[in-house]
Ligand SMILES: Nc1nc2c(c(=O)[nH]1)N[C@H]1C(S)=C(S)[C@@H](COP(=O)(O)OP(=O)(O)OC[C@H]3O[C@@H](n4cnc5c(N)ncnc54)[C@H](O)[C@@H]3O)O[C@H]1N2
Ligand code: MOO
């Protein structure tokens, strides 16, 4: 059967053609830019705003700091009074008061006078410099009764270093000036951004809403997450993995299922998910078996322009839409499911979340320690491990059902469709699964499909 959109049902006969991944990605980028619904905006409290995408400009209405303040613990003085001071010729100042953080300084500093001051405390009127405590020697007034419980007024301080006006003083607006544009719309908020926003008096910010991503698992053998494996049935591996990936990429994941292998149930679940989410990912039932209903359902309810990719694993992947919601049909085999998400799903979630960086993984380039064989005509997603000397060892596993291979792997490399593999010693790009691993070789943030970034493996 061939649908109105040109989808050809491969059930019972296999794929008529296989789409190059780069072509699918170009279509994704185009559709994301022009057709698909993006989530709206929402206001979130500052403490929850890290990693969210700002949708408003932040222009400061105030100066930070709003008052001149000490940058050192010491004595506020008139800087010019200290000129000529050195350890053999200390200059003596009368301590006339104390300035504490959070309390407006009232005492005025006159010539030859000093105010004991703490870091962050307001500079008292009259003073224009702070002599750090290390550049002073404290003395008791000649007429003071004893050393116990002395007030500053009973103290003298000797300055042993010249401290010119402005030294160790934080001036008004030195952090942020009024009218300054601090953050632009589209900014992925960093923790330090929230600190600055707080300094400006902001309590909440307007950010892009996280895209809602519904994750559907199918297959009569699949048990809900948290179930014990039982006889010929297996717990759902794909949904928790996909949910974590979606959340990593700035989406809000909702797991539905596992769903019964019933056409009506699946049709209803698909339609509902498309209606209430910005992206739907289905795992399983994507291939050519008689019970693989998902592709024909998506073609019926919407359109399925791509089904069957020139990719290994994850060849049976499909991509389509229902209404204005993109649908990713990821193969049930867990490695294939991960591969389909890494190459396609991740990009959709990140773009919908408003992230500029559509590629999730950091890369390093290292030599292969063994030959890596690949099939001509398919983009190969090959799992690899680093050896102790930083070489890249291909993992000798073939099955896309062996998810533990990705647990043992440090990352993956991509072998272009026109290549039959890479010989031992060839330097390949490895995208690392774990950003916190201890390998610290040169890192790149490469989008191998070249959307707005360095294009190192454009042949993919
Ligand atoms: N005659 C052909 N058969 C198959 C082809 C083909 O081209 N011609 N492609 C194979 C490839 S490649 C893959 S990948 C699978 C994809 O099949 P489906 O997407 O229809 O997935 P299922 O048949 O439902 O499941 C495949 C496999 O994965 C297990 N699975 C499914 N969902 C989960 C889950 N949530 N957690 C853990 N494991 C899951 C399932 O039990 C099966 O073992 O088709 C090949 N066949
Ligand atoms: O493509 Mo299947 O995804 O090889 O196992």
Exercise. In whole Å, largest first, what are the principal axis extents of the Cα atoms in the chain?
Key: 106, 50, 43
Exercise. Using just the helices of the chain, give the 222 nm mean residue ellipticity in deg cm²/dmol: DSSP H runs with n ≥ 4 each add -39,500 (n - 2.57), and the total is spread over all residues, rounded to 500.
Key: -4500 deg cm²/dmol
Exercise. Using only Cα atoms, tell me the angle between helix 21-34 and the longest principal axis of the chain; keep it within 0 to 90° and round to the nearest 10.
Key: 60 degrees
Quiz item: How do 77, 103, 225 line up, fewest other C-beta atoms within 10 Å first?
Solution: 103, 225, 77
Quiz item: By count of other Cβ within 10 Å, fewest leading, how are 91, 138, 28 ordered?
Solution: 138, 91, 28
Exercise. Averaging sequence separations of C-alpha pairs under 8 Å and six or more residues apart, then dividing by the length of the chain, give the relative contact order as a whole percent.
Key: 16 percent
Exercise. Quick one: order 426, 364, 317 by neighbouring beta-carbon count within 10 Å, fewest to most.
Key: 426, 364, 317
Practice problem: For an R0 of 30 angstrom, estimate the FRET efficiency from the Cβ-Cβ distance between residue 371 and residue 434 and round to the nearest 0.05. | Solution: 0.75
Quiz item: What angle do you read, to the nearest 10 degrees and between 0 and 90, between the alpha-carbon axis of helix 238-248 and the longest principal axis of the chain?
Solution: 30 degrees
Quiz item: Can you give the angle from 0 to 90° between the axis of helix 263-276 and the longest principal axis of the chain, with both taken from C-alpha atoms, to the nearest 10?
Solution: 30 degrees
Quiz item: If you stretched the chain out fully between residue 262 and residue 119, how much longer would it get, using 0.36 nm times the residue separation minus the C-alpha to C-alpha distance?
Solution: 44.5 nm
Quiz item: By per-residue mean of other Cβ atoms within 10 Å, what is the highest-first order of 106-116, 126-136?
Solution: 126-136, 106-116
Practice problem: May I ask you to derive the FRET efficiency for residue 181 and residue 133 from their Cβ-Cβ distance with R0 = 45 Å, giving the value to the nearest 0.05? | Solution: 0.70
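Read-outs throughout are calculated quantities, based only on the coordinates presented, and are distinct from any laboratory measurement. Quantities reported herein were computed from a predicted structural model and do not represent experimental measurements. For neighbour counting, all protein chains shown are included, and Cβ atoms are generated from backbone atoms with ideal geometry for every residue, glycine included.
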